[in-house]
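Undergrad: Okay, handing you the structure first.
The values are calculated or read from the model by the stated rules, or taken from the named source; none is laboratory data. Remember, predicted model here, so these are calculated numbers, not experimental data. When we count neighbours, we look across all protein chains shown, and the Cβ atoms used for this are built from the backbone with ideal geometry, even at glycine. Just the protein is used for accessible areas: all its heavy atoms, side chains included, with ligands, DNA and RNA removed. Shrake-Rupley method; radii C 1.70, N 1.55, O 1.52, S 1.80 Å.
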Amino acid sequence: MTHEEIIQGLYDHTLVGNAPEVRDLVNQGLADDLDPEKMLYDGLIPSLEEVGARFERGDFFVPEMLIAARAMQGALDILRPLLAETGAKQVGTYVMGTVKGDVHDIGKNLVNIMLEGAGFTVYDLGVNVAPETFVQQIQEHSPDVVGFSAFLTTTMPMFKANINALEKAGIRDDVIVMVGGAPVTQEYADKVGADGYAPDASTAVRLAKDLIERKRSAVPA
Ligand code: B1M
């Protein structure tokens, strides 16, 4: 099989949620020296975008989204160590979670993988994370950054609820707040008072490093 055929196969089989075939193709790609990021960005992610488009048109329903997501997760399980393997030195700590009311986690997990690859220690709180859990975990781990992911327009308001909870606990200024997820925009992030927004995983990593650097250099010695 050529690299193009493997990428096309990843797209086609993720679309219909054929998890065993997706795993086989990922393994075949790796055996053939196909770049893991290419499999991700040219095959797997575009396929999930098409799943979303079909859902919007009413051609797909929740079960189809679910099996496509499972196929993607199987691929990520194999790719995770390769995407994260850079030997980067420790740059900071990050507490990350999908906000309350929201169970989407593929995008969040991808950001986590990239953060770990860039040298962050990541505490992943999972999905449907309540504001009080974020507060408690920030108090426990004292991270440089907390990241809130939301994938639904109905759960994006939890960013503000989380920031309010940090303020109430007196820890808002101790931590950099980053937000992201498919429906989120820079404008929305500014409106809720987040310190940073990134549209994708690699920008999220660059921005996190940047914000930490700025914060550290602003602190008088
Ligand atoms: Co749902 N879903 N879903 N879904 N789902 C979307 C998000 C949707 C856009 C589909 C659509 O209509 N086109 C739509 C939301 C519409 C909206 O509100 N604007 C939607 C809906 C409506 C729903 C339900 C309400 C459906 C229903 O029940 N009627 C329901 C909600 C459940 C809930 O959360 N309470 C639901 C359920 C599900 C499944 C469980 C079936 C499944 C999720 C499985 C899982 O995650 N484990 C699912 C899926 C798979 C999707 C789509 C198809 C794919 C999401 C995905 O994984 N994308 C999605 C359609 C789409 O996105 N086009 C859709 C790939 C991923 C790599 O991208 O998530 O954007 P993304 O992550 C990116 C960036 O956003 C960014 O980096 C990531 C990597 O580059 N990023 C950050 C993410 N977090 C970040 C944090 C940062 C910075 C960047 O800083 C902290």
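Undergrad: Give me the helices (runs of 4 or more DSSP H) completely within the range 72-173, filtered to those with at least 1 residues that are within 14 Å of the ligand (Cβ to nearest atom), at pLDDT below 95 and within 17 Å of the chain's Cα centre (by Cα), ordered by residue number.
TA: Details: elements: 106-117, 131-141, 158-168.
Per the criteria, 106-117.
Undergrad: Give me a count of the residues in the range 126-143 that are touching a helix residue (DSSP H, G or I) at 6+ places or on another chain (Cβ under 9 Å) and either of a type in the set (Ser, Thr, Tyr) or not assigned by TED's automatic domain parsing to the domain that holds ASP173 (or both).
TA: Residues that pass the stated criteria total 1.
Undergrad: Another one. On the given criteria, is THR185 touching a residue at least 24 places away in the same chain (Cβ under 8 Å) and not assigned by TED's automatic domain parsing to the domain that holds PRO63?
TA: Working: touching a residue at least 24 places away in the same chain (Cβ under 8 Å): no; not assigned by TED's automatic domain parsing to the domain that holds PRO63: yes.
Judged against the criteria, THR185 is not a match.
Undergrad: Further question: For the range 31-65, name all the residues that are open to solvent by less than 60 Å² (accessible area, probe 1.4 Å) and of a type in the set (Lys, Arg).
TA: Across the range 31-65, there are no qualifying residues.
Undergrad: Shifting gears a bit: Looking only at residues that are more than 18 Å from THR153 (Cβ to Cβ), modelled with pLDDT of 95 or more and not in a helix (DSSP H, G or I) in the range 174-200, which one is farthest from the ligand (Cβ to nearest atom)?
TA: Here is the first cut: in the range 174-200, the ones more than 18 Å from THR153 (Cβ to Cβ) are 174-178, 193, 195-196, 198, 200.
Among the residues that remain, those that are also modelled with pLDDT of 95 or more are: 174-178, 193, 195-196, 198.
Next, only the ones that are not in a helix (DSSP H, G or I) stay: 175-178, 193, 195-196, 198.
Numbers: VAL175: 12, ILE176: 10, VAL177: 9, MET178: 4, GLY193: 14, ASP195: 10, GLY196: 7, ALA198: 4 Å.
The qualifying residue farthest from the ligand (Cβ to nearest atom) is GLY193.
Undergrad: Then there is this: Of the residues that make up the range 89-102, is at least one touching a helix residue (DSSP H, G or I) at 6+ places or on another chain (Cβ under 6 Å), of a type in the set (S, T, N, Q), exposed (fewer than 14 other Cβ atoms within 10 Å of the Cβ) and more than 18 Å from TYR11 (Cα to Cα)?
TA: Checking the range 89-102: not a single residue is touching a helix residue (DSSP H, G or I) at 6+ places or on another chain (Cβ under 6 Å), of a type in the set (S, T, N, Q), exposed (fewer than 14 other Cβ atoms within 10 Å of the Cβ) and more than 18 Å from TYR11 (Cα to Cα).
Undergrad: Inspect the range 45-68 for any residue being more than 8 Å from the ligand (Cβ to nearest atom), within 17 Å of the chain's Cα centre (by Cα), assigned by TED's automatic domain parsing to the domain that holds GLU21 and part of a helix (DSSP H, G or I) and give the result as yes or no.
TA: Yes.
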